[in-house]
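Visitor: Mind looking over this structure? Questions follow.
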Amino acid sequence: MNYLSRFYYQYRRVIKALQLYLLIAGPGLIVMIADNDAGGITTYAATGAKYGYALIWFLVLLGPVAYYVQEMTVRLGAVTKHGHAEAIFAAFGSFWGWFSLLDLSLVNWLTLITEFIGMTAALSIFNIPPVITVLIVIGIMMFMVVQGRYWTWEKLAMFFCLLNLVYIPAAFMVHPSVGSILQQGIIPNFPGGLTATLIFFLMANIGTTIAPWMIFFQQSAVVDKGMGKKDIPWGKLDTVLGAIFTVVVAIFIVIVTGTVLYGMEISSAAQASTAMMGTYPLVGTLLAIGLFDAGLLGAICISLASSWAFGEVFGWAHSLNKRIREAPWFYAYYFFAIITAGLVVLIPNAPLVLITLFVQVIAVTLLPAALVFLILLLNNEEIMGEYRNTTVQNVVSIAIVIGIIALSTLYAFSVLFPELFA
Amino acid sequence: MEKTDLTGKSESPEARSDSFLSKQFSKFTEINKKYAKPQITMTPMVRVALLGLRIYLIVLVLVLVYKFFTLIRT
């Protein structure tokens, strides 16, 4: 009897903890899974096709990297109740504030275009014309926010996050050799030596792991959701689970393309999907659905990151808990960004490849600043109090930030001056 | 919810802003005034980090300008 009552007590504790987590869950999961956006999917697909399973170990390492950076935004948002843009303005003054805000809006808008490129390419595999795709996307994004409830938006976003898992069944369908995956993928190695091409791929994978919009998005989402100091442990758990999901999805994409398309030069996820259609039509279809979903999830989060940032700084009502008439400027910016980015993709002969390359370069102007501000804010006792970074957290996060800045800068240089890395 | 600064202190009502098109241009001045003085304590670590960022960005911009002109020339 005593055993039964103890078991029941433990059971109730677990259920209550789970219920509490489900209430808090959202920003961490969404930002991490949205990190696997159209550009990310392309990078992973190309990595698998080029190097097979050999770089899986590297993807595993990127999970903790993403977690350490994003976890800081949870604490900063929960303690200050300010988004990252507003926090930069307040802490570092208007020069750095304007620089961050304007750079963020430019980078996000260009990234939005790349999401639309991915989505239109994905649906064109099903013979859906780009104009219809753009209309579908705008319709979905309008539907998500028109309710005027953060909760509704978040749950719909989490549904799209679940759809991102289509790569897992896709990987099982191509019957990869588990032995080969373990043998080639788990032990750190540099296939073919540390060549310029391999370094380029490693840098591209790091570049997709941490993007400037992720920092701004998660901090604003934490504030909009109303998370406080007591919710920080749950926010961290949410971010850990998100980091695990994002790495798992990335690994399964590498497994799919590493199994079927090994040795092929892949320049886009849509190309990988089309190539797959010949031998595994269902897998090709799943890849295309996954690519569309990844682009949509990225677009949802990126456009919101910009709207939140502008709302915070300009003092507009800027919450998903407000209806369109209550927060007109917040939603106006949101729709302006989506519609204009969608229209760019529809322009005949638009320099889309150039835009895709340009995003990677411009992102490097903002990422170091956003990361450095994050560390400085997290070390300020007056702002963070007992939630400031510990010595261990500082050592880890500063090492990660220096690594990310160095590699993303190198990546931008390799895009600007490919001849230097030939 | 009451609007507070980063340290949790209440913001003055003057610091709050409205959201109408006619006021958007004066908003820039208002925002500059509101955030004129950085709240963060300028410790040596902060100064070095901000100086490093400025140098990094200047170099990056120079590289971008160089690339732009070499592209135009070709």
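The values are calculated or read from the model by the stated rules, or taken from the named source; none is laboratory data. In this text the structure is predicted, and so the values were computed from the model without any measurement. Neighbour counts are summed over all protein chains in view; Cβ atoms, including those assigned to glycine, are modelled from backbone coordinates with ideal geometry.
Visitor: Answer yes or no as to whether A:V364 is under 23 Å from B:F68 (Cα atoms), out of contact with any Cys (no Cβ under 6 Å at 6 or more places or on another chain), more than 13 Å from chain B (Cβ to nearest Cβ) and assigned to a helix (DSSP H, G or I).
Guide: Taking the combined requirement at face value, the residue does not satisfy it.
Visitor: Filter region A:114-140 down to the residues that are hydrophobic (A, V, I, L, M, F, W, C), within 23 Å of A:A221 (Cβ to Cβ) and surrounded by 22 or more Cβ atoms within 10 Å (Cβ to Cβ) and list them by number.
Guide: A:F116, A:M119, A:V137
Visitor: Of the residues A:L371, A:L367, A:L352, which single one is among the aliphatic types (A, V, I, L, M) and over 17 Å from the mean Cα position of the chain (by Cα)?
Guide: It is A:L352.
Visitor: Okay, next question. Is there a residue being closer than 21 Å to A:A412 by Cα, facing chain A (nearest Cβ under 10 Å), part of a helix (DSSP H, G or I) and without any contact (Cβ under 8 Å) to a residue 24 or more places away in the chain anywhere in region B:40-49?
Guide: Checked against the condition, which is being closer than 21 Å to A:A412 by Cα, facing chain A (nearest Cβ under 10 Å), part of a helix (DSSP H, G or I) and without any contact (Cβ under 8 Å) to a residue 24 or more places away in the chain, region B:40-49 yields no hits at all.
Visitor: Only residues that are farther than 20 Å from A:L163 by Cα, hydroxyl-bearing (S, T, Y) and assigned to a helix (DSSP H, G or I): list them for region A:263-302, please.
Guide: Within region A:263-302, just A:T279 meets the criteria.
Visitor: Oh, and also: Can you tell me which residue among A:A288, A:A309 is within 22 Å of A:V107 (Cα to Cα) and within 20 Å of the chain's Cα centre (by Cα)?
Guide: A:A309
Visitor: Sticking with this one: So, A:G63, is that one in contact (Cβ under 8 Å) with a residue 24 or more places away in the chain and crowded, with 24+ Cβ neighbours inside 10 Å or not?
Guide: no
Visitor: Another question, if that's okay. Looking at region A:344-356, which of the residues that are among the aliphatic types (A, V, I, L, M) and surrounded by 15 or more Cβ atoms within 10 Å (Cβ to Cβ) is farthest from the other protein chains (Cβ to nearest Cβ)?
Guide: Step by step, filter region A:344-356, then rank; the result is A:V345.
Visitor: Ok, one more. Please work out which residue is surrounded by the fewest Cβ atoms within 10 Å (Cβ to Cβ), limiting yourself to region A:404-422 and to residues that are touching a residue at least 12 places away in the same chain (Cβ under 8 Å) and among the small types (G, A, S).
Guide: If we take residues in region A:404-422 being touching a residue at least 12 places away in the same chain (Cβ under 8 Å) and among the small types (G, A, S), then A:A422 is surrounded by the fewest Cβ atoms within 10 Å (Cβ to Cβ).
Visitor: Can you tell which of A:T259, A:T239, A:T208, A:T246 is assigned to a helix (DSSP H, G or I) and modelled with pLDDT under 90?
Guide: Checking each option against the conditions leaves just A:T208.
Visitor: Okay, moving on. Anything in region A:381-401 that is away from chain B (no Cβ under 14 Å) and surrounded by 15 or more Cβ atoms within 10 Å (Cβ to Cβ)? List them, or say none.
Guide: The answer is A:Q393, A:V396, A:I400.
Visitor: A:A369: assigned to a helix (DSSP H, G or I), more than 10 Å from every other protein chain (Cβ to nearest Cβ), aliphatic (A, V, I, L, M) and crowded, with 21+ Cβ neighbours inside 10 Å, yes or no?
Guide: So A:A369 does not fit the description; no.
Visitor: Out of the residues in region A:89-107 that are crowded, with 24+ Cβ neighbours inside 10 Å, at the interface with chain B (Cβ under 9 Å from one of its Cβ atoms) and of a type outside the set (G, A, S), which is nearest to the chain's Cα centre (by Cα)?
Guide: A:F89
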